[in-house]
Amino acid sequence: MQHEPSSLLATAEVIHWIALAVMVAVYTTRLVWLFSFKGGKDRSAPAAPERTNAHKGAVYSLGNVVMPWSMESTRTDPLFYVSFVLFHLGVTAGISLAFLSSLAPGLVRTQSVAWIFGTLLAAAFVVGMIRMARRLTKPHMRLISTPDDYFSLALLTVWFLLGTLTQASIAGYQALAGEGWLAAYLLLTAFFLVYVPFSKISHYLYYPFTRLWIGRALGHRGSLPLVRVRS
Amino acid sequence: MATPAKTHKIRMMEQQLQKKLNRQVVGSIVGCVHCGMCHTSCHYVLTHPDDPKMTPSYKADQLRKLFKRNHDWTGRAFPWWVGADKVPLTDDDLTKLQDIAFGTCTNCRRCTFNCPMGVDTATLNRIMRGLLTHVGVMPEGVRVVSKDQWELGNQMGVLREDYLDTLEWMSEELEEDLGHAEATIPVDREGARIMYAINPREVKYDPRTIKEAALIFWAAGENWTMPSEGWDNTNFGLFSGDDGLGGTCGQREYDKARQLGVEKIVISECGHGYRSTRCEAVNWAGEAQPFPMESSVMTMLGYIKDGRITVDPTRNAERVTFHDSCNNARSCGFFEEPRELLRLVTMDFQEMYPNRAENYCCTGGGGAMSMSEYTPRRLKSAKVKADQIAATGAKIVVTSCHNCVDGLNDLIKHYKLDCKVMQLVDLVANALVLPTRESGAEPATVPGEVEIARPAVALPLAGRTILVVDDEDDVRVFLKAVLEDAGARVLEAADGDEAIAVATAEKPDLITLDLSMPGKDGVEAFTELRRAPGTEEIPVCVITGHPEFRTVIYDRPVAPPEGYMSKPVDEDQLVENLHRILDLEAKHVHPTN
């Protein structure tokens, strides 16, 4: 049974949608800014046309997110790769929860969806904690970390936790009953959406382009896709 | 405390940064999430586990900060929030930046291949080097080499007459070895199919590789030439980040090739030379694919596949392994051809792991061999490579790069590995089965490292007196034996004082000089010999086990030594080099000879 949202929740939803609009506007500006720089051009002849080319390199490069074997750094540290996958699935679940709670509230109340979202958010929270510990304890991570790095990770970790609790609340877990969880979650998401374009979290905006460009460049030069000969 | 004002150099760097930015570079700058995934891909990190400053992203952050402070919204409004508050402000800061950009990274690009975001950290480090170079902040070795390349057209300061003399000398030797009048090294032959560009190291320290390449070209019946100018395939612009120098070096080669009307430029085995000439200089010079260009490895492989030369792999029976040059493998996708060639000319090829684009740097790349101040750090970082080589059990490490040859020789000596370094041209020449040509002469034996067919008429150092200066008895015994076998009369000295005394009394034709000796060392003795009337004109060939002293000896306020060799010394190379020094000396003293 659906209830009319309280004024608190309705306000949170409005703020959340405004934040989304702000994010889209700032992201668009970011992309315009990035593309305002001239594109680099490689005049050299293709280096290994019998084996690869810029197109193959680009496809391989873009696909590396689902090919942990394509980089030594993920191949030799599968747990880190798994944590990366869980963390980003958590982000997807969290964003989906925020929007579906307004657009399709019935869906996020179903047990299967609630379990999937809740599990992903909880797992991402654990990964966030581990990552924070890593960033705080490893000297090389401390050296390269900025306040933005710490804050962004902390923000996401708290957001994952609140998302987990909110999903449980929406799914009817009695100890977390009440709209306050969802309202708080939407307000935090709104802040998150506004903050993201100014922080390192905006990396996902650049990700397809950076991977495309490096893949195209190294494909043209004949070194991607990677040729591996194992012992 | 008041923040110091930016110096002029910093402002110049900021202006220059603006010119270096393009979409891809900006993407690499803003794309980093400081995840630390690049950490363990770097050989400096692996060998300096307690030094977090070796992390690739930290090195790239030096440029990232500068960018964010000047070009990024958040960085301009809240610099402390994104780490853009710690930008360089004083010239002292630039010295620290120099140490990071030149002394802790060989721009090998291994981290680039391990970044999930596709950030090209090595390119960012090269840009930082370029900004520093732009304001005159760079290691002394890089400054000297760059100056030579700007002014003399090659990075080792080889004079035109010395270059041509060396080609003539090698040409004469080849002709004598083969007994064939057409077996020569053509210079500036217009309409040749191939222009062969080399590394100046070949002229200065290892001319045998020129002769070997000439032999292979002759055996293949190639219509080739070497240029009198634009012959240096190396390019310090790649290392210093100076695109202007990079474009100029490439343009010299392209212009000469165009003038000679050749079809193709063939680049001798040099990793950064291949990358620069073939892939980068076209961009720096703004020339779109001026000529087909290929590595000599591809040329040699083509000769065998086309049946233009025949090889006998049993002549290279020892186990070999292959070290991929970073510039070849990671930046030019050039890694299968050398392996294919190796399998054709050797009997026992053992792969090294990891390999190809995942191979570890020899640690001599990125101009590291010219930066003696970083030698201890470089050799420490070479442990990764040493372990890789040792695991293969190979007696010969083959590489297609002169920088790698030097880097690998250094680490082999430092880590006491039981192997030596060779290039493919050495192995192909050694395996070459010579064709019979109608020359009237008897078919010659293969001139290679093992069997160089020397002129039968006279020993190469006959009638010469050579003073061997070295504090180690066994080294003196070895050098004496080799030189006496070559016909020389040998004098000995065990330290600097004794060397000066013997040289003053005996006036030898040439001195071989060790640098590191107890008492008066080789550097002091060299300076005194150069200043003393009566000994100042005696040619000196430095033979040292400390390549880091190279800068020291060349920086003395006296004429530089006529030759330089690293220990361990190859017998044939020693005799050839000393013969060449004495030969050139004679020509300079008696130009009509």
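Points to keep in mind about this one:
- The stretch B:311-431: C-alpha gyration tensor shape, a/c 1.5 cut-off, then a/b vs b/c: prolate
- Least to most buried among B:268, A:36, B:331, A:102 (fewest other Cβ within 10 Å first): A:36, A:102, B:268, B:331
- Linear extension gain, residue B:433 paired with residue B:255, 0.36 nm per residue minus alpha-carbon span: 60.5 nm
- Semi-axis lengths, largest first, of the ellipsoid equivalent to the stretch B:465-589 are 18, 17, 15 Å, with √(5λ) applied to each eigenvalue of the Cα gyration tensor.
- Cβ-Cβ FRET estimate between residue A:7 and residue A:177, R0 fixed at 30 Å, reported to 0.05: 0.95
- Shielding by partners for peptide B:107-114, expressed as the average number of C-beta atoms from other protein chains within 10 Å of each residue's C-beta, is 3.
- Cα centroid separation, the stretch A:186-231 to the stretch B:280-323 (Å): 36
- Span from the the stretch B:178-197 Cα centroid across to the the stretch A:49-76 one, whole angstrom: 43
- Which of B:475, B:311 has the fewest Cβ neighbours within 10 Å, and the rest in rising order: B:475, B:311
- Average Cα contact separation per residue, chain B, under 8 Å, 6 or more apart, as relative contact order %: 11
- Label-to-label distance, residue B:318 versus residue B:89, with points set 7 angstrom from Cα along the beta-carbon direction: 5.8 nm.
- Shape class of the stretch B:287-340 from the Cα gyration tensor (axes a ≥ b ≥ c, square roots of the eigenvalues): oblate, since a/c reaches 1.5 or more and a/b does not exceed b/c.
- Lysines whose Cα lies under 19 Å from that of residue A:56, excluding same-chain neighbours fewer than 8 positions away: A:41
- In range of the label at residue A:28: residues from the stretch B:20-51 whose backbone nitrogen is under 16 Å from the point 7 Å along Cα→Cβ: none
- Cysteines, chain B, no other Cys beta-carbon under 4.7 Å: B:32, B:35, B:42, B:105, B:115, B:249, B:270, B:279, B:332, B:419, B:541
- Shielding by partners - mean other protein chain Cβ count within 10 Å, residues of B:348-356: 3
- Sparsely packed trypsin sites (Lys or Arg not before Pro) within the stretch A:196-231, loop by DSSP, other Cβ within 10 Å at most 11: A:230
- For the residue pairs B:385/B:416; B:20/B:68; B:9/B:86; B:6/B:68; B:211/B:416, alpha carbon separations beyond 19 Å are given by B:211/B:416.
- The alpha carbons of chain B stretch over 80, 59, 47 Å along the principal axes, in descending order.
- In degrees, nearest ten, helix B:473-485 long axis to first principal axis of chain B (Cα): 50
- Proxy reagent accessibility, fewest Cβ within 10 Å first, across B:490, A:126, B:469: A:126, B:490, B:469
None of the figures in this text is laboratory data; all of them are computed from the coordinates on show. Keep in mind it's a predicted model, so treat the numbers as computed, not measured. Heads up, the Cβs are rebuilt from the backbone with ideal geometry, glycines too, and the neighbour counts pull from every protein chain shown.
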